[in-house]
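Bear in mind that the values in this text are calculations on the coordinates, not laboratory data. Predicted, not measured: the structure shown is a model, and the values here were computed from it. So basically every Cβ, Gly included, is an ideal-geometry build from the backbone, and we count neighbours across all protein chains shown.
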Amino acid sequence: MKAAFVTPRYGPEVLGGAELGARMLAERLHEIGGWDVEVLTTCALDSRTWDDHFAPGTSDVNGVPVTRFANERGRSDDFDEWSNSVLHAPWAPMAAVREWFAKQGPVNPGLVAAAAGSDADVVVVYPYLYLPMVEAVRSLGRRAVLHPAAHDEPSLQLRALRPVFTGAGGLVFQTEAERALVAGSYPVAAVPQLVLGLGVEEQDGDPAAAPDRPYLLYVGRVDEGKGARTLVDFFARYKARHPGPLALVLAGPVVHRPDRHPDIVVTGPVDEATKWGLLRGATAFVNPSGYEAFSIVLMEAWTAGLPVVVNERCEATAEHCRRSGGGLWFDSYATFEVVLDRLLRDERLRRALSARGRAYVEREFSWPVLIGRYGAFLSRVAARAR
């Protein structure tokens, strides 16, 4: 059996997000599942501009052939201004919605044509949010398996996207919360569905970058859209009320750099060894994002032996904490302070939360189990599409 993965960015240089999930699944489907796998993607690395970074053509990435297509257009300068008029009109016609996608970028008809012309038994499209993905699903129909990576966001309510969600041959979700969100937005009950998640690739890690004092850790884009500003503001307020050695480490690409603070360390992007070193040395992991479809780094934190703290607004990460018993959540500064106080003062609680979280990951998200379920689902979709 052969699967083609279609995603807007691809490669080890892409840190986090839906594209990392696509790469992990593509590589493991080939290695563990024995599938013939190819990847079709753009030449972009930066999702803010969609400027071409890689050369077009085919190369090998960790044993998987990856074919890149140059973008015709990236993000338009007037995208943010123009976006509001569409996102506040969910019943906007497809022409207006397509223009919104085109202005967001990337525009890449070569990628869409390659997806439609692939000889793969099934074509995995990941995520829904970009024009090539929308056009690929519409052209592939029941041969497409869409991983929406959906959040509770205005773009999900664009009614013109209904044929994308209802016309795919299958839908794969990261959590039950994501499935419920999509089912509440579109009539997808008749579309085959799978709640899957992702596995963890554990490493020992390099502790060299870890501060020589207790610290909270955030790993991901340092971006207001990911809740980084909220975390920085809450942490600064906490330190003003509770002086001491506790630091906050923000590890990841910096989109919005926070104001300087003596107890906040901004590392910028880190490699896997450094990330795992930071995870293994932290007191707790905090994910402040209100918009996550899964959050692989949450699973990595539990695997590294950390308790986690999440934003209650994010249904996916809150679901993980409730199902596992491995984390706490906040909905305001007041609850953030209470949660942090409890964790810092109670080592036994920290150990109990981290043990429950690790057990949850081992039980639900081991790669052989995930790939077995995923391969069986893809085979069923391919059989229906013939």
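Along segment 310-317 the Karplus relation, 6.51 cos²θ - 1.76 cosθ + 1.60 evaluated at θ = phi - 60°, assigns HN-Hα couplings of 10, 7, 4, 5, 7, 5, 5, 6 Hz to successive residues, with x for each Gly and Pro. Note on segment 8-56: Rg/Rh from Cα positions, Kirkwood definition for Rh, rounded to two decimals, is 1.01.
Counting 0.36 nm for each residue step from TYR333 to GLN193 and taking away their Cα separation leaves a gain of 46.6 nm. For the pair ASP223 and VAL61, the difference between a 0.36 nm per residue extended length and the Cα-Cα distance amounts to 55.5 nm. Per residue of the chain, the DSSP helices (runs of n ≥ 4 H) give a summed -39500 (n - 2.57) that works out to -12500 deg cm²/dmol at 222 nm. For segment 207-364, a simple Cβ point-charge model (Lys and Arg +1, Asp and Glu -1, everything else neutral) yields a dipole of about 360 debye relative to the Cα centre.
How would you order 246-254, 127-135, 264-272 from highest to lowest mean count of nearby Cβ atoms within 10 Å?
The packing order, highest mean first, is 127-135, 246-254, 264-272.
Considered as an equivalent ellipsoid built on the Cα gyration tensor, the chain has semi-axes of 35, 23, 20 Å, the largest given first.
Please arrange THR49, THR303 by counting, for each residue, the other beta carbons lying within 10 Å of its beta carbon, fewest first.
Arranged by neighbour count, lowest to highest, THR49, THR303 become THR49, THR303.
This model, with +1 at the C-beta of Lys and Arg and -1 at the C-beta of Asp and Glu, gives the chain a dipole about its Cα centre of some 960 debye.
Between GLU362 and ARG380, the modelled labels are 2.9 nm apart [label points 7 Å from Cα along Cα→Cβ].
Bridges between two residues of the chain, per DSSP, are antiparallel at a rate of about 15%. Relative protection proxy for 194-207, 105-118, from highest mean packing down: 105-118, 194-207 (other beta-carbon atoms within 10 angstrom). Would you please state the base-10 log of I(q)/I(0) at q = 0.11, 0.12, 0.20, 0.22 1/Å for segment 104-165, with intensities from the Debye formula using one equal scatterer on every alpha carbon? Here the Debye-derived log intensity ratios amount to -0.23, -0.27, -0.74, -0.88.
Going by C-beta contacts inside 10 Å, put ASP331, ASP36 in order with the fewest on the left.
With the sparsest Cβ surroundings first, the list reads ASP331, ASP36.
Pair-distance distribution of segment 207-364: all C-alpha pairs, bin width 5 Å, starting at 0; shares per bin in whole percent are 2, 10, 21, 24, 24, 15, 5, 1, 0.
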